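Beneath this line is the structure, given in structure tokens, with notes to follow.
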Amino acid sequence: MKQPGGTLALSHRITIKDSEGRVKEQGEWERSRSFVANFLKILFTQYAQLNPGATVTRIDGVGDSIWYSNDASAMTIWLVGSLGIAGDDDCGIVLGTDNTAPTVNDYDLGTRITHGAGAGQLDFGPQSKTGAYSTGSNTDLILWRQFVNNSGGGITVEEIGVYVVHDRASDKVMIIRDAKQFTIDDGDVALVAYRFRTTV
């Protein structure tokens, strides 16, 4: 996927493996089209060093002023450093089952899949990341997470996204939502990755 210079681009890739670790489906990197408004509100606040800064909408629908992160005494928000731990289904990369088309004002997935082994649930692994690394004219930061289906039936995913957090762990904010359909059969593992790329 060729990218024009001077841009920040987002893409995602889905890999499906069976219970033995054999790759069943290996997707290509696809352009993501759905940074939501919260993303640039956070970036603006950090760039402008405002306290309080822009108002974002949390995943519970509540508006919340965010703060420049250099102020250690204030409520801050961490952009892509909010990595979900194992079992954490409302932080980091998340999956859902709503096929409604994304809009710029989305603040939550339509129907988030929860962690567990019951019907319609997935086992959320810990999220991982690379450092920002450069190859040629590109610099990449990649986030990825593994989801295991132990529910007893297939689960069709219709939406993927990324949640970040305030330094108060209860305050979650969505910065990305993409429409993406794929099925995770019972016993299979899905590896979902997001790539942030800058190009000169």
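Residues THR199, THR45 in ascending order of nearby Cβ atoms (within 10 Å, fewest first): THR199, THR45. Sorting the segments 127-139, 27-39 by their residues' average number of neighbouring beta-carbon atoms within 10 angstrom, most packed first, yields 27-39, 127-139. Compared with the dominant Cα axis of the chain, that is its longest principal axis, helix 37-48 is turned about 40°.
Only lysine pairs 8 or more places apart or on separate chains count here, and in region 7-199 those with Cα atoms under 24 Å apart total 9. Applying 1/(1 + (r/R0)^6) with r as the Cβ-Cβ distance of TYR47 and GLU20 and R0 = 41 angstrom yields a FRET efficiency of 0.30. Just one of [x] 0.94; [y] 1.21; [z] 0.97 is Rg/Rh (Cα atoms, Kirkwood Rh) calculated from these coordinates, so which is it? The value computed from this structure is option [z]. Of the residues ILE155, ILE176, the one with the fewest other Cβ atoms within 10 Å heads the list, and the complete ranking is ILE155, ILE176. As a proxy for reagent exposure, THR114, THR103 were ordered by neighbouring Cβ count within 10 angstrom, fewest first; the result is THR103, THR114. By its C-alpha gyration tensor, with a ≥ b ≥ c as the square roots of the eigenvalues, how is region 151-200 shaped: rounded for a/c under 1.5, else prolate for a/b larger than b/c, else oblate? Verdict is oblate for region 151-200.
The helix-based estimate of mean residue ellipticity at 222 nm for the chain, built from -39,500 (n - 2.57) per DSSP H run of four or more residues and divided by its residue count, is -2000 deg cm²/dmol to the nearest 500.
Rule-based calculations on the coordinates, nothing more; no lab input. If you're wondering where the values come from, they're calculated on a predicted model, not measured in any experiment. Counting neighbours? That spans all protein chains shown, and the Cβs are built from the backbone with ideal geometry, glycine included.
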